[in-house]
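Peer 1: Sharing a structure, written as structure tokens. Questions coming.
Every number here is computed from the coordinates shown, using simple stated rules; none is lab data. None of the values given here were measured: they were computed from a predicted structure.
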Amino acid sequence: MTYRSRMIDKLTTAFAPTFLEVIDESEDHHGHGGHHAEGETHFLIRIAAPAFAGTSRLQRHRMINEVLRQELAERVHALSIEADPS
């Protein structure tokens, strides 16, 4: 299973989003820190979910980082996050 697929599964389970995009931007970071030739190191996550209602931007980012803790420890070097309540 790819890291992208793992992240989609975990985010879907944790937040039941109304919108979710997980985009591998690794090729845009070729030669940067944390880049691997195999890719799957830099991602953009766009997510909207009722679970984010009443939370700050910082809280939403922390919630997402907690859910993806394993992926961040193993391979994912960077996440760009756009998270909104739906």
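Peer 1: Mean projection of the alpha-carbon convex hull of the chain over all orientations, in nm²? Please report the intermediate quantities before stating the final value.
Peer 2: Numbers: hull surface 21.0 nm².
Mean orientational projected area (the chain, Cα hull): 5.2 nm².
Peer 1: Out of residues 5 or more away from E25 or on other chains, whose amide H comes under 5 Å of its own, with H placed 1.01 Å from N in the peptide plane?
Peer 2: So E25 has HN proximity to H42, F43, L44.
Peer 1: Further question on the same structure: Can you list the HN-Hα couplings for region 19-24, worked out from phi with the Karplus curve (6.51, -1.76, 1.60; θ = phi - 60°), rounded to whole Hz and with x for Gly and Pro?
Peer 2: Each residue of region 19-24 in turn: 8, 8, 10, 10, 10, 7 Hz.
Peer 1: Report the relative contact order of the chain, percent, no decimals, based on alpha-carbon pairs under 8 angstrom and at least 6 residues apart.
Peer 2: Values: 136 pairs, mean separation 29.9, N = 86.
Relative contact order here is 35 percent.
Peer 1: Counting DSSP beta bridges with both partners in region 3-84, what percentage is antiparallel, nearest 5?
Peer 2: Working: 6 of 13 bridges.
If we restrict to bridges inside region 3-84, about 45 percent are antiparallel.
Peer 1: In whole Hz, what ³J(HN,Hα) sequence does region 75-86 give by Karplus (6.51, -1.76, 1.60; θ = phi - 60°), x for Gly and Pro?
Peer 2: So the J values, rounded to whole Hz, are 9, 6, 8, 8, 10, 9, 10, 10, 10, 9, x, 9.
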